[in-house]
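Chemist: Sending over a structure as structure tokens; questions will come in a sec.
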Amino acid sequence: MFSEMIQSMLNSGGQTKTLQRYAQVKNYIDGVPARADFDAIKKASGELPSKNNVQSFDKVLQSTAKAQFGTLLRNNGIKSVDATIYTNPNINFSKRATKDEIISMIEDSSAKYGVDSKLVKALVQQESGFNPNAKSKAGAMGLMQLMPSTAKGLGVTDPMDPKQNIEGGVKYLKSMLNRFHGNTILALAAYNAGPNAVSKYDGVPPYKETQNYVKSILKNYL
């Protein structure tokens, strides 16, 4: 009887009304009918049966020929599921590296471009604290905090990739050393404030951030 009543409500009423009736009927079947709902239930389905003849709610669902309630949750025909793990394409979880791996990358790139690896390590410590996922409010990314435009100019396609980031950063530092004739202080200032600012002031720009930046790196380098 209840299976027919549930199906009848599904076929004749709107979704909202049906869900309301469903909640009322479930309360009764579970043995806890709300007194205030008796009139509404009787109006929808007629006289209520004796509690001694009430089936469990699970049995009602199982015996309902085309019941919409719960069929998707108890479909025995489903033998397998798609277990593919979908991730955010903007997050590359494989681009992680230990500090030892980062140091090895620094050694390789420093040797390639003829830059003192100790200087590069001090710069990385200052820029990102050896955090490959570091991002600044200004948009600088990765271990050596490359700006998007700088990274693009250096041929870095993925600034968050530790190896690419270090390769690009060391290459850029080398270009600053060349531009300022091997002067480490000016090269570091240019790495932070830009080469044009260094040229404009013919030395370390009078920016507190840049001056502290150069001092901090030199302290760890020398």
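Any read-out appearing in this document is the output of simple, stated calculations on the displayed coordinates, not a laboratory observation. These numbers come from a predicted model, not from an experiment. We place every Cβ from the backbone using ideal geometry, glycine too, and count neighbours over all the protein chains shown.
Chemist: Cross-link list 137/208; 152/219; 121/174: which exceed 24 angstrom alpha carbon to alpha carbon? Can you show the working numbers first?
Modeler: Working: 137/208 18 Å; 152/219 31 Å; 121/174 14 Å.
Beyond 24 Å between Cα atoms: 152/219.
Chemist: Right, another one. Looking at 105, 210, 136, which one has the Cα that reaches farthest to the positive end of the dipole of region 99-221 (charges on Cβ: Lys, Arg +1; Asp, Glu -1)?
Modeler: It is 210.
Chemist: If you project the alpha carbons of region 107-154 onto the principal axes, what extent comes out on each, in Å, largest first?
Modeler: Over region 107-154, Cα extents along the principal axes are 30, 24, 13 Å.
Chemist: Once fully extended, how much extra length lies between residue 201 and residue 131, figured as 0.36 nm per residue of separation less the alpha-carbon to alpha-carbon distance?
Modeler: Working it through step by step, the gained length comes to 22.0 nm.
Chemist: Using 0.36 nm times the number of residues separating residue 116 and residue 152, minus their current alpha carbon distance, what extension gain do you get?
Modeler: Gain on stretching residue 116 to residue 152: 10.5 nm.
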